[in-house]
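Participant: Right, I'll just put the structure down here and ask away after.
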Amino acid sequence: MTDTPAARWEQRIFLGDWQPGRGDSVAVTEPATGQCLGRLATANADDVDAAARLASEAQSAWAALPFDRRAAILREFARLLQADAERINHWNVRECGSIPAKAEWELNASVEQAHMAAAMPMQAVGEIFPSSMPGRRNYWQRVPIGVVGVIAPWNFPILLGLRSVLPALALGNAVILKPDVQSAVCGGLLLAELFEAAGLPRGVLHVLPGGPATGEALVRHPAVKMISFTGSTAVGRQIGETCGRMLKKVSLELGGNNAMVILDDADLESAASCAAWGAFLHQGQICMQAGRHLVHRKVAGRYAELLAARAARLVVGDPAAGPVHLGPLINDRQADKVAEVVARSVAQGARLLAGGQRDGRFYPATVLADVTPAMPAWTEEIFGPVAPITVFDSDDEAVALVNGSDYGLAAAVHSASVPRALALASRLKAGMVHINDQTVNNEFQVPFGGMGASGNGSRFGGPASFEAFSQTQWVSVMDSGIQYPF
Ligand code: NAD
């Protein structure tokens with residue numbers, strides 16, 4: 001099912017209601033074909049200002065609603081999201097180059113997140129503490145932050161926008177979502193339609209597509225009290241600096257260069273299967289992508305052979321035109337970068353075992369052997385379907401290699417000995433470690449996030465979402481009046 005040119009979002013932003021944006025008009029370009037799928041309006045700094053004012057006004061009434069009203073609206077959103085799956089998946093495939101299976105997974109995961117968020121307003125909101133003063137009771141309670149700005153990337157635009165939008169709304173905040181212009185239809189505007197239809201009061205959510213200038217205006221706006229950013233480390237650093245200066249709460253979920261460690265006693269068939277999924281899913285455009293493969297020297301040859309055989313079987317093409325394993329990379333710049341990093345690494349001595357031939361925005365599953373820790377394929381986050389392999393001789397060496405990166409998002413360790421794998425895992429500088437699995441994992445009841453250059457210690461999921469999207473207030477109550485010495 002497709003939208004007609006008269007679709008609600010066409011040339012409109014969601015600023016209280018559907019308004020023409022004051023930023024540039026942008027073509028929605030299908031990465032697989034270059035076809036124009038429609039035109040977006042974008043928001044400029046004046047639109048951000050208008051949205052921030054409206055959101056500030058609407059937030060207190062939203063927070064004051066009985067909690068079951070907020071929950072009911074989020075449940076209705078979950079129902080509408082599920083009911084509209086076909087249209088949203090269609091846009092995820094065509095707008096973002098997702099294969100249908102990835103689009104379906106993302107949609108289902110988003111529905112699950114919406115159900116989890118709908119359960120948040122009815123959870124306990126505080127605790128009671130003793131007091132050293134007779135007749136006094138202390139408690140703390142959760143209160144909303146106010147207006148939360150959410151800046152999301154294009155790779156999993158629905159899930160990575162909603163993982164902030166939903167808990168923020170559930171806890172009584174108003175939200176301004178700025179999706180990337182490359183994913184603004186499925187990652188923002190269609191979601192705004194559904195929130196509106198679910199009965200979210202006017203002004204509580206705004207969806208403002210735009211580029212860096214729109215994002216910067218959102219970050220700098222004094223009425224926006226928190227920024228939840230998912231994207232690159234370079235941009236996250238800038239946002240963190242601005243928020244630090246403004247004393248604004250900021251959650252930064254950034255890039256990764258995630259290691260798969262294959263010990264000499266690992267089940268190599270399983271490890272290669274995990275590695276292919278972790279390295280090539282969504283063309284490798286995932287923050288948790290398995291971008292560094294560390295293999296014990298004794299088994300490295302066999303692992304490389306198995307992984308290269310799997311890579312060679314993967315079909316690349318237009319995901320809207322037929323069954324493929326890999327769709328296009330999101331844009332020409334990204335395809336240039338992948339090709340360039342592979343070429344530079346091969347020039348420095350890496351051996352191409354599979355893939356490596358670019359066709360426009362399409363790039364095949366690629367395996368590089370004999371990679372050294374100095375090569376760009378090892379040091380850079382490629383954000384493409386490339387699996388660079390290096391070897392190690394001891395567990396200590398593997399730990400040093402993994403921790404040699406500034407990034408610290410996800411890692412995986414393969415071994416027949418779970419105690420050995422666990423001992424090694426506990427030494428890794430990574431926010432998420434998976435034993436006998438691959439690096440791309442997300443379960444929404446478990447805190448998700450990275451260390452080092454992969455974030456600022458913020459987490460999503462389960463109890464972490466309460467921490468992220470609310471603040472605490474200490475309230476003390478005296479039973480009767482008190483007299484101080486003066
Ligand atoms: P990006 O940082 O270029 O853009 C992300 C978002 O920030 C977009 O909406 C963009 O418009 C906006 N933006 C860009 N410049 C900005 C600025 N100066 N001020 C405010 N907003 C600005 O990242 P990308 O290339 O779209 O996404 C890929 C990156 O995101 C990769 O590094 C990937 O690892 C990371 N990522 C991290 C996670 C995670 O959970 N840790 C998840 C997905 C992607």
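Participant: Go through region 82-123 and give me each residue that's open to solvent by 50 Å² or more (accessible area, probe 1.4 Å) and not in a helix (DSSP H, G or I).
Facilitator: 123 - this is the single residue of region 82-123 that is open to solvent by 50 Å² or more (accessible area, probe 1.4 Å) and not in a helix (DSSP H, G or I).
Participant: For region 459-486, what are the residues that are within 14 Å of the chain's Cα centre (by Cα) and either open to solvent by 20 Å² or more (accessible area, probe 1.4 Å) or aromatic (Phe, Trp, Tyr) (or both)?
Facilitator: Within region 459-486, 459, 460 meet the criteria.
Participant: Restricting to region 277-294, and then to whatever is closer than 9 Å to residue 385 by Cα and open to solvent by 10 Å² or more (accessible area, probe 1.4 Å), can you tell me which residue is farthest from the ligand (Cβ to nearest atom)?
Facilitator: 281
Quick grid of which residues meet (1) more than 21 Å from residue 338 (Cα to Cα); (2) away from the ligand (no atom under 16 Å from the Cβ); (3) touching a residue at least 40 places away in the same chain (Cβ under 8 Å); (4) hydrophobic (A, V, I, L, M, F, W, C):
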site: 371; (1), (2), (3), (4): no, yes, no, yes
site: 376; (1), (2), (3), (4): no, no, no, no
site: 395; (1), (2), (3), (4): yes, yes, yes, no
site: 411; (1), (2), (3), (4): yes, no, yes, yes
site: 420; (1), (2), (3), (4): yes, yes, yes, no
site: 437; (1), (2), (3), (4): yes, yes, yes, no
site: 445; (1), (2), (3), (4): yes, yes, yes, no
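Participant: Please go through region 245-302 and pick out each residue that is in a strand (DSSP E or B), of a type outside the set (Val, Ile, Thr) and touching a helix residue (DSSP H, G or I) at 6+ places or on another chain (Cβ under 7 Å).
Facilitator: The first filter runs over region 245-302 and keeps only residues in a strand (DSSP E or B), leaving 249-253, 258-262, 290-296.
Next, from what is left, pick out any that are of a type outside the set (Val, Ile, Thr): 249, 251-253, 258-260, 290-294, 296.
Selection gives 251, 252, 259, 260, 290, 292, 293, 294.
Participant: Got a sec? Which strands (runs of 3 or more DSSP E) wholly within region 139-213 have at least 3 residues that are within 16 Å of the ligand (Cβ to nearest atom) and crowded, with 24+ Cβ neighbours inside 10 Å?
Facilitator: Values: elements: 147-151, 174-178, 205-207.
Result: 147-151, 174-178.
Participant: Restricting to region 124-138, count the residues that are free of Cβ contacts under 8 Å to residues at least 60 places away in the same chain, assigned to a loop (DSSP other than H, G, I, E, B) and loosely packed, with under 15 Cβ neighbours inside 10 Å.
Facilitator: The total comes to 4.
Participant: Residue 484 fails exactly one of the following numbered conditions: (1) part of a strand (DSSP E or B); (2) hydroxyl-bearing (Ser, Thr, Tyr); (3) without any contact (Cβ under 8 Å) to a residue 12 or more places away in the chain. What is the number of that condition?
Facilitator: (1)
Participant: Which one of these is near the ligand (Cβ under 9 Å from one of its atoms), assigned to a helix (DSSP H, G or I), more than 22 Å from residue 163 (Cβ to Cβ) and among the acidic types (Asp, Glu): 241, 216, 305?
Facilitator: 216
Participant: Is it the case that residue 228 is more than 30 Å from residue 420 (Cβ to Cβ), open to solvent by less than 10 Å² (accessible area, probe 1.4 Å) and within 11 Å of the ligand (Cβ to nearest atom)? Let's see the steps before the verdict.
Facilitator: Numbers: more than 30 Å from residue 420 (Cβ to Cβ): yes; open to solvent by less than 10 Å² (accessible area, probe 1.4 Å): yes; within 11 Å of the ligand (Cβ to nearest atom): yes.
Considered against the rule, which asks whether it is more than 30 Å from residue 420 (Cβ to Cβ), open to solvent by less than 10 Å² (accessible area, probe 1.4 Å) and within 11 Å of the ligand (Cβ to nearest atom), residue 228 comes out as yes.
Participant: Could I ask something else about it? Report the residue count in region 409-429 for those that are surrounded by 24 or more Cβ atoms within 10 Å (Cβ to Cβ) and out of contact with any Asp or Glu (no Cβ under 6 Å at 6 or more places or on another chain). Give the derivation first.
Facilitator: Start the filter on region 409-429 by keeping residues that are surrounded by 24 or more Cβ atoms within 10 Å (Cβ to Cβ), which leaves 409-415.
Now narrow it down to the ones that are out of contact with any Asp or Glu (no Cβ under 6 Å at 6 or more places or on another chain): 409-411, 413-414.
Looking only at that region, the number is 5.
Participant: Further question on the same structure: Among the listed residues 415, 465, which satisfies the condition of being in contact (Cβ under 8 Å) with a residue 12 or more places away in the chain and within 16 Å of the ligand (Cβ to nearest atom)? Before you say what the answer is, go through the steps one by one.
Facilitator: Working: 415 fails: within 16 Å of the ligand (Cβ to nearest atom).
Unique residue meeting the criteria: 465.
Participant: Right, here's the next one. Suppose we filter 318, 336 for residues that are within 16 Å of the ligand (Cβ to nearest atom), surrounded by fewer than 24 Cβ atoms within 10 Å (Cβ to Cβ), within 18 Å of residue 96 (Cα to Cα) and charged (D, E, K, R); which single one remains? Walk me through it before giving the result.
Facilitator: Numbers: 318 fails: within 16 Å of the ligand (Cβ to nearest atom).
Every option except 336 fails the conditions.
Participant: On to the next question. Any residue in region 300-319 that's farther than 27 Å from residue 264 by Cα: show its pairings with residues that are part of a loop (DSSP other than H, G, I, E, B) and among the β-branched types (Val, Ile, Thr) at Cβ separation under 8 Å, as long as the two are six or more apart or on different chains.
Facilitator: Filtered contacts from region 300-319: 315/324; 316/324; 317/324; 318/33; 318/324; 319/99.
The values are calculated or read from the model by the stated rules, or taken from the named source; none is laboratory data. Please read all numbers here as calculations on a predicted model, not as lab measurements. Don't worry about glycine lacking a Cβ; one is built from the backbone with ideal geometry, like all the others, and counts go over all protein chains shown. The accessibility values were calculated without ligands, DNA or RNA, using every heavy atom of the protein model including side chains. Shrake-Rupley method; radii C 1.70, N 1.55, O 1.52, S 1.80 Å.
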